[in-house]
C-alpha cells in the first residue's frame with residue numbers, strides 16, 4: 001500500500017509538470033497564465049503530490065521517500081512520449097534504467 005502511494009505521488013508530480021507544459025504552450029503573456037485551466041491543473045497536481053509526499057513521510061524514512069521522487073522522471077518521459085510526441089532515444093532509456101536501479105537499491 002505504501003509503495004502504491006509512492007507511485008501515486010510521483011505520477012501526480014509528473015502530471016503537474018505535464019499540465020504546466022501543456023498550459024504554457026497555450027499562453028502568450030502573463031495575464032493569460034491566470035486564465036489557462038491547464039496551468040491551474042498543473043499547480044493543483046503539484047500541491048497534491050507534495051501532500052502525498054508529506055503523508056508518506058509518516059511511514060517511510062526521508063532518506064527513502066525523497067530519492068524515490070526520481071520516479072517522476074520515468075512518468076515524465078512516458079507522458080511526454082504519449083501526449084507530446086517527444087522522442088525517446090537510447091540515452092533516455094539508459095537514464096531511466098539507471099534511475100529505476102537506484103530506486104530499487106534504496107527500497108531494499
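Laboratory data are not the source of any read-out in this text; all were calculated from the coordinates shown. All figures in this text were calculated on a predicted structure; none of them were measured in a lab.
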Notebook entry, point to check: Using the alpha-carbon atoms, what tilt in degrees (0 to 90, nearest 10) does helix 71-83 show relative to the longest principal axis of the chain?
Noted result: 40
Item checked: Which label in (1) 1.22; (2) 1.03; (3) 1.15 gives the computed Rg/Rh (Cα atoms, Kirkwood Rh) -> (2)
Next item on the list: On each of the three principal axes of the Cα atoms of region 1-53, give max minus min coordinate, whole Å, ordered largest first.
Entry: 42, 15, 11
Next item on the list: Would you work out the relative contact order for the chain, in percent, from Cα pairs under 8 angstrom that are 6 or more residues apart?
Entry: 33
Check: Once every DSSP H run of n ≥ 4 in the chain is given -39500 (n - 2.57) and the sum is divided by its residues, what mean residue ellipticity at 222 nm do you get, rounded to the nearest 500 deg cm²/dmol?
Finding: -26000 deg cm²/dmol
Checklist line | Cα pair distances in region 22-76, grouped into 5 Å bins until the bin that holds the longest one, percent each | finding: 4, 17, 19, 18, 14, 11, 10, 6, 1
Next item on the list: Working from Cα positions, state the angle (0 to 90°, nearest 10) between the long axis of helix 2-24 and the longest principal axis of the chain.
Entry: 20
Check: Using the alpha-carbon atoms, what tilt in degrees (0 to 90, nearest 10) does helix 90-107 show relative to the longest principal axis of the chain?
Finding: 50
Check: What is the Cα centroid distance between region 84-99 and region 1-19, reported in whole angstrom?
Finding: 19
Next item on the list: Write down the Å³ per residue value for the convex hull defined by the alpha carbon atoms of region 51-108.
Entry: 76
